[in-house]
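The values are calculated or read from the model by the stated rules, or taken from the named source; none is laboratory data. Fair warning: this is a prediction, and the values are worked out from it, not measured in the lab. Just so you know, the surface numbers come from the protein's heavy atoms only, side chains and all, with ligands and any DNA or RNA stripped out. Shrake-Rupley method; radii C 1.70, N 1.55, O 1.52, S 1.80 Å.
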Amino acid sequence: MKRSLLALSFAALASAALAPPANAVTSVDLNCESGGSLYHCFAHHDAVAPATIRWYVNGSPVSSLNDRTFTGQRACPRGAVINVQVVVTDATGSATASGGPRCHGGPWP
């Protein structure tokens, strides 16, 4: 009986150590702006390290942006709607945000 309780205690401790924290829910918010025929986007997330960040522009993966929270300024054709998607993944799962700006040729808003 003592060994059974001891084995159960070790099993419970091991499973608790492997489980992600209950409050580590992954969420992501995408903010984009455009001006001067350029755009940039920021991904604000609450992922727990280690996390991965993957970017897609107009449906195509952009591997040069992997694991970055900022796209940097990128060229866009005036008047075009840029479809940006970011996927953030950690041990608790993944979250996706989509959006993007209409490319403005004028000054930044």
Share of accessible surface on carbon and sulfur in region 23-73, whole %, 1.4 Å probe and ligands ignored, is 50
If amide H atoms are modeled at 1.01 Å from N in the peptide plane, then the residues at a separation of 5 or more from ALA80, or on another chain, having amide H under 5 Å from its own are CYS103
Averaged per residue, the 1.4 Å probe accessible area of region 17-109, protein heavy atoms only, in Å², is roughly 57
